[in-house]
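Computed from the coordinates by the stated procedures, all read-outs in this text should not be read as laboratory data. In this text the structure is predicted, and so the values were computed from the model without any measurement. A quick note on method: Cβ atoms are made from the backbone with ideal geometry, for glycine too, and the neighbour counts reach across all protein chains shown.
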């Protein structure tokens, strides 16, 4: 009975996707550090893209506190940024609470704005983020930068899927190694002196995962 229920659930999910369901009821999140994987139940209005800006800010206030006893977040303390992650020249909305951040970065809730309102895309932790070329299936990808202490920067490649951002690969880049004149100095320039690292730099770091 359990197996048949699972099969039925998969069929229903497939039917919803084929019928144009904009977002599943749950989204996979990788919250960090310590990068704990968990599943978030997403309210209907955020799945179907009809949430208002007031809805978005109210949900962010409820979701962004880092621990249960943290005082409520005032609306005017939220940081709103627009960053284009899918190349349509329309920036997605990134919302964070700056006091929660550290040297490595901060959590951001990500939303896409459409004609009817906002749709929730997922959550990312980073100090800096940039868009890279879509994958072979045309799915949006982003590269995040997080300072890991000392001269180490964590580079993470994510792909945006229907159930949120999925980490494809992660690499700990030592700045001292790539800033030398031994032939790898171009990596420093590629990742830290350009707006978007070129494909050859991404392949050098992530290999076949890119």
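Using the Cα gyration tensor of segment 50-115, with a ≥ b ≥ c the square roots of its eigenvalues, what is the shape: rounded (a/c below 1.5), prolate (a/b larger than b/c) or oblate (neither)?
oblate
Please list the equivalent ellipsoid semi-axes of segment 106-175, computed as the square roots of five times the alpha-carbon gyration tensor eigenvalues, in descending order and whole angstrom.
Computed over segment 106-175, the values are 25, 14, 9 Å.
Rounded, prolate or oblate: pick one for segment 71-210, where a ≥ b ≥ c are the square roots of the eigenvalues of its C-alpha gyration tensor, a/c under 1.5 means rounded, and failing that, prolate if a/b is larger than b/c, else oblate.
Judged from the Cα gyration tensor, segment 71-210 comes out oblate (a/c at least 1.5, b/c at or above a/b).
Going by average Cβ density within 10 Å per residue, which order do the peptides 151-164, 79-92, 45-58 take, highest to lowest?
So the peptides 151-164, 79-92, 45-58, ranked by packing, come out 151-164, 45-58, 79-92.
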